[in-house]
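The values are calculated or read from the model by the stated rules, or taken from the named source; none is laboratory data. Everything numeric here is computed off the predicted structure, so don't read it as measured data. Backbone-built Cβ (ideal geometry, glycine too); neighbour counts: all protein chains shown. We work out accessible area using only protein heavy atoms, side chains counted, and drop any ligands, DNA or RNA first. Shrake-Rupley method; radii C 1.70, N 1.55, O 1.52, S 1.80 Å.
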Amino acid sequence: MNQHPDYLLNKVTRPADIKAFSMPELKQLASEMRQLVLEKDAAISGHVGPNLGAMEATIAFHYVFDSPKDKIIWDISHLAYGHKMLTGRKEAFLDPDHYHDVSGYSAPDESEHDFFTVGHTSTSVALAVGMAKARDVLGQQGNIVAFIGDGSLSGGLAFEGLNNASVLKSNLIIVVNDNQMSIAENQGGLYQALADLRASNGQAKNNFFTVMGFDYHYVSDGNDLKAMITAFEEVKDSTSPVILHINTLKGKGYQPAVNNKERFHWSNPFDLKTGRLLKQPSGESYAQIIMDELDKQVKAGQPIVAMNAAIPGTFKLHEFEAKHPDRYLDTGIAEQDCLTEAAGLAKGGAKPVVFQNSTFLQRAYDQLSHDVALNDLPVIIMVNGGINGGSKTHLGIFDIPYLNTIPNINYLHPSNQAELLAMLRWALTKAKHPVAIRIPSQPVVLGTALQEDFAPSHYDLVREGKTVALLGLGKFAQLAVKTAELLAKKGRQVTVVKPYSATNLDEECLSGLEAKHRLVVTLEDASIVGGFGSLVSQFYADKAMKVLNYGAAKKFTDNISQAELYKQFHLTPELLAQDIEENL
Ligand SMILES: Cc1ncc(C[n+]2csc(CCOP(=O)(O)OP(=O)(O)O)c2C)c(N)n1
């Protein structure tokens, strides 16, 4: 049910409806929209601070421009909630029964006012340059507006986009939404230049944007609706590329989010009054275990440098930074730079340990291949990934396939704490080549480590049977064991193997299985096309062994729960046991 039938927002069914609103009404609209962001995020999670800070800019855009003839392209699009409310999707914020009707990002399948499915940073400028060129080629009209945050400017793609945008000979407006934060602190020299511009009310001589050739406008308070409307009116229909630099407050209107910007960049459900999470994270985490080990190894004299690209909170890296500030590097949202710097560090004799989410690591494919692997440098990459219920913009299932295409990288998959530590210690003290380690997903399983040396790929037999062998990679070792237990109850004793590496086969083990088995089943927590299972299938291609590969299908799933995905992909003991029986 609509929780706020009295809201002015109820009168808005399309953006043009707000053009008749008075200034006090527009301000009321902004405060209603903030309240709706807070209520929805507090109930079901979502991006808080970015949306609260961008409300005036969003309303002013729709007040001044004519969407969709004028097109706005949101960077990341995590702060497009207000835009969604004004473009026909308000029920998804007013009515909790409809909270899940819209995605957390811009979605062309939801609205003609959204142009790209996007969740990764730093893309908006290049997308907008392309859209502007297409408009010109087709002889069409309309403004093209890119809306990019200060944090996202640190991505190489943003710099490349700006470089090409600046020489465009037609309309293009780039709003730089400067809230002085990425998820965490911004990194790099660019941010002093932005600070100088803010301090001088946009007058500083060292202007990064004008040097590139842009016309430059500055708004000292981007949360002042009137100022934002005036600024947009000034740049509307410009015939050359313009930067509109606006100074906004991340979390505006909600004190807990202003006080703790990183915590409220995105939040799990929270108590609206206090800002406290409804469910406190409990128990041990793999991130903590890794931080403790790195701390120990630094103290033992290892020249470790822990690195990441603008997502330190995911890995508890602030803790490491506090203890070892000179051994910590956040490169900003610069995954490519992060990997290439790691290659430099390894060459120089340091031990770089890069922390990255599978979904963002894919941006650095060439750096992994050309800079790290081709030079065969002992860089360590700790990867967060796996099948999850998230947005199609943030799937963590392509890491095994893309790492599998690159020679020299050993992609290890521990299934428990003991194996994780054994692999990390080996990588830190012995490995001579690039090593990636998939961090298992919670909860922490203690386990025991059967190996200390992961250079030769050696699989372990954890349960001996016959006819069928289950190869459970990493986290799915447990799934393999449970499936075997279920089959045992039905009178079938099957073999379970822990492969450890997603990229390196233990050919002796695989050959050994041929004597007593005729079906090998591979299980991996990633997209199966080009993955671990495909290597095993290739190995047995000219042999009598039948092979079944299980993992995620090659598709962009969107906000489907993990449990449902496991069902769809038959990654449950029951469904696997059934398939195995049918395939014998
Ligand atoms: C390629 C990529 N790397 C990392 C992220 C994670 N991420 C999401 S938002 C964000 C910070 C963006 O900062 P900014 O552009 O200033 O926007 P704000 O949230 O402050 O409004 C980061 C690092 C991502 N979405 N995409």
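If a residue must be free of Cβ contacts under 8 Å to residues at least 40 places away in the same chain, of a type in the set (Val, Ile, Thr) and either open to solvent by less than 10 Å² (accessible area, probe 1.4 Å) or not assigned by TED's automatic domain parsing to the domain that holds Val521 (or both), how many such residues does the range 463-497 contain?
Residues that pass the stated criteria total 3.
Pairs only if they're at least six apart or on different chains, beta carbon under 7 angstrom, first in the range 69-80 and under 13 Å from Val175 (Cα atoms) and open to solvent by 10 Å² or more (accessible area, probe 1.4 Å), second β-branched (Val, Ile, Thr) and more than 10 Å from the ligand (Cβ to nearest atom); list them, first residue then second.
Lys71/Ile144; Lys71/Val145
Tell me, please, whether a residue that is of a type in the set (Gly, Ala, Ser) and within 16 Å of the ligand (Cβ to nearest atom) can be found in the range 164-177. First the steps, then the outcome.
Residues of the range 164-177 of a type in the set (Gly, Ala, Ser): 165-166, 170.
Okay, now just the ones that are also within 16 Å of the ligand (Cβ to nearest atom), so none.
There is no residue in the range 164-177 that is of a type in the set (Gly, Ala, Ser) and within 16 Å of the ligand (Cβ to nearest atom).
If Val242 meets every condition in (1) touching a residue at least 60 places away in the same chain (Cβ under 8 Å); (2) open to solvent by 50 Å² or more (accessible area, probe 1.4 Å); (3) of a type outside the set (Gly, Ala, Ser) apart from one, which number is that one?
Val242 satisfies all of (1) touching a residue at least 60 places away in the same chain (Cβ under 8 Å); (2) open to solvent by 50 Å² or more (accessible area, probe 1.4 Å); (3) of a type outside the set (Gly, Ala, Ser) except (2).
Here are some conditions: (1) open to solvent by less than 20 Å² (accessible area, probe 1.4 Å); (2) in contact with a helix residue (DSSP H, G or I) (Cβ under 9 Å, 6 or more places away or on another chain); (3) hydrophobic (A, V, I, L, M, F, W, C). Met23 meets all but one. Which one does it not meet?
Unmet condition: (1).
Is there a residue being away from the ligand (no atom under 16 Å from the Cβ), out of contact with any Gly (no Cβ under 6 Å at 6 or more places or on another chain), without any contact (Cβ under 8 Å) to a residue 60 or more places away in the chain and open to solvent by 70 Å² or more (accessible area, probe 1.4 Å) anywhere in the range 256-269?
No, there is no match, as no residue in the range 256-269 is away from the ligand (no atom under 16 Å from the Cβ), out of contact with any Gly (no Cβ under 6 Å at 6 or more places or on another chain), without any contact (Cβ under 8 Å) to a residue 60 or more places away in the chain and open to solvent by 70 Å² or more (accessible area, probe 1.4 Å).
Right, Gln280: more than 24 Å from the chain's Cα centre (by Cα), more than 16 Å from the ligand (Cβ to nearest atom) and either hydrophobic (A, V, I, L, M, F, W, C) or open to solvent by 20 Å² or more (accessible area, probe 1.4 Å) (or both) or not?
Numbers: more than 24 Å from the chain's Cα centre (by Cα): no; more than 16 Å from the ligand (Cβ to nearest atom): yes; either hydrophobic (A, V, I, L, M, F, W, C) or open to solvent by 20 Å² or more (accessible area, probe 1.4 Å) (or both): yes.
No.
Taking the condition under 19 Å from Leu52 (Cβ atoms) and either open to solvent by less than 10 Å² (accessible area, probe 1.4 Å) or more than 16 Å from the ligand (Cβ to nearest atom) (or both), does Ala92 pass?
Yes, satisfied.
Within the range 343-354, which residues are assigned to a strand (DSSP E or B) and either farther than 21 Å from Lys299 by Cα or within 16 Å of the chain's Cα centre (by Cα) (or both)? Quick ask: steps written out before the conclusion?
Kept after step one, since they are assigned to a strand (DSSP E or B), are these residues of the range 343-354: 351-354.
Across the range 343-354, the qualifying residue is only Val354.
Can you confirm whether Asp75 is among the charged types (D, E, K, R) and within 16 Å of the ligand (Cβ to nearest atom)?
On the way: among the charged types (D, E, K, R): yes; within 16 Å of the ligand (Cβ to nearest atom): yes.
So Asp75 fits the description; yes.
Before we move on, is Ile144 within 16 Å of the ligand (Cβ to nearest atom) and surrounded by 19 or more Cβ atoms within 10 Å (Cβ to Cβ)? Let's see the steps before the verdict.
Working: within 16 Å of the ligand (Cβ to nearest atom): no; surrounded by 19 or more Cβ atoms within 10 Å (Cβ to Cβ): yes.
So Ile144 does not fit the description; no.
List, please: which pairs have Cβ atoms under 9 Å, are six or more places apart or on different chains, and start with a residue in the range 374-396 that is of a type in the set (Asp, Glu) and end with one that is surrounded by 23 or more Cβ atoms within 10 Å (Cβ to Cβ)?
Asp376/Pro434
Here are some residues: Ala134, Ala107, Ala165, Ala126. Which one is without any contact (Cβ under 8 Å) to a residue 40 or more places away in the chain and more than 23 Å from the chain's Cα centre (by Cα)? Give the steps one after another, and end with the answer.
On the way: Ala107 fails: more than 23 Å from the chain's Cα centre (by Cα); Ala165 fails: without any contact (Cβ under 8 Å) to a residue 40 or more places away in the chain; Ala126 fails: more than 23 Å from the chain's Cα centre (by Cα).
Just one listed residue meets the conditions, Ala134.
Looking at (1) at positive phi; (2) crowded, with 16+ Cβ neighbours inside 10 Å, which is the only condition Asp237 fails?
All conditions pass for Asp237, except number (2).
Do the conditions hold for His120, that is, is it within 13 Å of the ligand (Cβ to nearest atom) and surrounded by fewer than 21 Cβ atoms within 10 Å (Cβ to Cβ)?
Working: within 13 Å of the ligand (Cβ to nearest atom): yes; surrounded by fewer than 21 Cβ atoms within 10 Å (Cβ to Cβ): yes.
Criteria met by His120.
Okay, residues lined up against (1) among the aliphatic types (A, V, I, L, M); (2) within 19 Å of the chain's Cα centre (by Cα); (3) within 16 Å of the ligand (Cβ to nearest atom):
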residue: Tyr286; (1), (2), (3): no, yes, no
residue: Gly313; (1), (2), (3): no, yes, yes
residue: Lys323; (1), (2), (3): no, no, no
residue: Glu335; (1), (2), (3): no, yes, yes
residue: Glu341; (1), (2), (3): no, no, yes
residue: Gln356; (1), (2), (3): no, yes, yes
residue: Leu368; (1), (2), (3): yes, yes, yes
residue: Asp371; (1), (2), (3): no, no, no
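Can you find even one residue in the range 443-455 that is surrounded by 20 or more Cβ atoms within 10 Å (Cβ to Cβ) and either at pLDDT below 95 or not assigned by TED's automatic domain parsing to the domain that holds Pro352 (or both)?
Taking the range 443-455 and keeping what is surrounded by 20 or more Cβ atoms within 10 Å (Cβ to Cβ), we get 454.
Subset that is either at pLDDT below 95 or not assigned by TED's automatic domain parsing to the domain that holds Pro352 (or both): 454.
For the range 443-455, residues surrounded by 20 or more Cβ atoms within 10 Å (Cβ to Cβ) and either at pLDDT below 95 or not assigned by TED's automatic domain parsing to the domain that holds Pro352 (or both): present.
Of the residues that make up the range 304-316, is at least one over 22 Å from Gly155 (Cα atoms), open to solvent by less than 70 Å² (accessible area, probe 1.4 Å) and outside the structural domain of Asn186 (by TED's automatic domain parsing)?
Yes; the residues of the range 304-316 include at least one that is over 22 Å from Gly155 (Cα atoms), open to solvent by less than 70 Å² (accessible area, probe 1.4 Å) and outside the structural domain of Asn186 (by TED's automatic domain parsing).
Do we have any residue at all in the range 394-403 that's within 16 Å of the ligand (Cβ to nearest atom) and more than 30 Å from Ala563 (Cβ to Cβ)?
Among the residues of the range 394-403, not one is within 16 Å of the ligand (Cβ to nearest atom) and more than 30 Å from Ala563 (Cβ to Cβ), which makes the answer no.
Filter the range 137-156 down to residues that are in contact (Cβ under 8 Å) with a residue 60 or more places away in the chain and within 25 Å of Pro50 (Cβ to Cβ), then give me how many there are. Before you say what the answer is, go through the steps one by one.
At the first step, the residues of the range 137-156 found to be in contact (Cβ under 8 Å) with a residue 60 or more places away in the chain are 141-149, 151-152, 154-156.
Remaining after also requiring within 25 Å of Pro50 (Cβ to Cβ): 143-149, 151-152, 154-156.
Residues flagged as in contact (Cβ under 8 Å) with a residue 60 or more places away in the chain and within 25 Å of Pro50 (Cβ to Cβ) within the range 137-156 amount to 12.
Only strands (runs of 3 or more DSSP E) wholly contained in the range 225-333 count here; list those with 1 or more residues that are under 30 Å from Ser415 (Cα atoms). Even if it seems obvious, please write down each step before you answer.
Values: elements: 241-247, 304-308, 328-330.
In the range 225-333, 304-308, 328-330 are the strands (runs of 3 or more DSSP E) which contain 1 or more residues that are under 30 Å from Ser415 (Cα atoms).
Which of the helices (runs of 4 or more DSSP H) found entirely inside the range 1-120 contain at least 3 residues meeting this: at pLDDT below 95?
Working: elements: 23-44, 49-53, 55-64, 81-86, 91-94.
Here the list is empty.
Go through the range 43-62 residue by residue and tally those that are open to solvent by less than 10 Å² (accessible area, probe 1.4 Å) and away from the ligand (no atom under 16 Å from the Cβ).
Our first condition is that a residue be open to solvent by less than 10 Å² (accessible area, probe 1.4 Å); within the range 43-62, this holds for 46, 48-55, 57-62.
Those left that are additionally away from the ligand (no atom under 16 Å from the Cβ): 59-60, 62.
Residues flagged as open to solvent by less than 10 Å² (accessible area, probe 1.4 Å) and away from the ligand (no atom under 16 Å from the Cβ) within the range 43-62 amount to 3.
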